[in-house]
Amino acid sequence: MKSRPVIIIRGCPGFGKTTTSILLREKLKPAARLSIDTIRYFVVPREFKPEQFLVAQINAARMAVGYAEVGIASIIEDVFDDVQVLEEMRGIVESAGISVYIFTLYVSLECAFTRNFQRDIYYHQRPERIRELYESYDWSIGKLIHSENKIVEEVVEDILNHVENS
């Protein structure tokens, strides 16, 4: 059986990672969406310790390898602001002989603020945190996908075109 790709979607909060990964999962059936936030919910108590993030991210890569080996594509999504962890994840997938594609969703800072305030109140980030993350984020990792002024279907089409033509 031919292995399926692993796609990693990254970007700041509110940039469309969740909706993009959900639609990608539907387009790539059979496919699994591996949200780092969801994987972290497996642990009780749920704490925001760096160790829990690291374990969730590394094991998402391992889980994606397992899925790919049985013919299921995986979409892993998170902020992924730690480039070293991202490279470790890439290494895990590539060492299994599986194609991995990393996409960074991008919008302007002004759009990031607008999207943040359009989210459910429980998901709002402090504006200072949005600015801090945005300004320190490494936008050079993976293929940059501009998602501002696009509907999710257009973003997914950009990603699928890149995967098919690589």
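Here, each number is a calculation from the coordinates, and none is a lab measurement. All values derive from a computational prediction rather than experimental measurement. FYI the Cβ positions are ideal-geometry reconstructions off the backbone, even for glycines, and counts take in every protein chain you see.
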What does the net charge come to around K27 if you take all other residues with beta carbon closer than 15 Å to its beta carbon, with K and R at +1 and D and E at -1?
-3
Fully extended contour minus Cα-Cα distance, from V43 to L144, at 0.36 nm per residue:
33.1 nm
5 Å is the cut-off here: which amide hydrogens, built 1.01 Å from N in the peptide plane, fall below it relative to L28, excluding neighbours closer than 5 in sequence?
none
What whole-number distance in Å separates the alpha-carbon centres of the range 114-166 and the range 22-75?
19
Amide H neighbours of S35 under 5 Å, counting only residues 5+ apart in sequence or on other chains, H built in-plane at 1.01 Å?
E77
Separation of the V55 and T18 label points, Cα + 7 Å toward Cβ, nm
2.4
Full-extension gain in nm, E88 to E69, via 0.36 nm per residue minus C-alpha separation
4.9 nm
Work out Dmax and Rg for the chain from the C-alpha atoms and quote the Rg first, both in angstrom.
15.4, 48
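What shape does the range 1-81 have by the C-alpha gyration tensor, where a ≥ b ≥ c are the square roots of the eigenvalues, rounded means a/c under 1.5, and otherwise prolate means a/b greater than b/c and oblate the rest? Mind showing how you got there, number by number?
On the way: a/c = 2.27, a/b = 1.42, b/c = 1.60.
Cα axes put the range 1-81 in the oblate bin.
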Quote the FRET efficiency, to the nearest 0.05, computed for L160 versus E135 with a Förster distance R0 of 25 Å and r equal to the Cβ-Cβ distance.
0.25
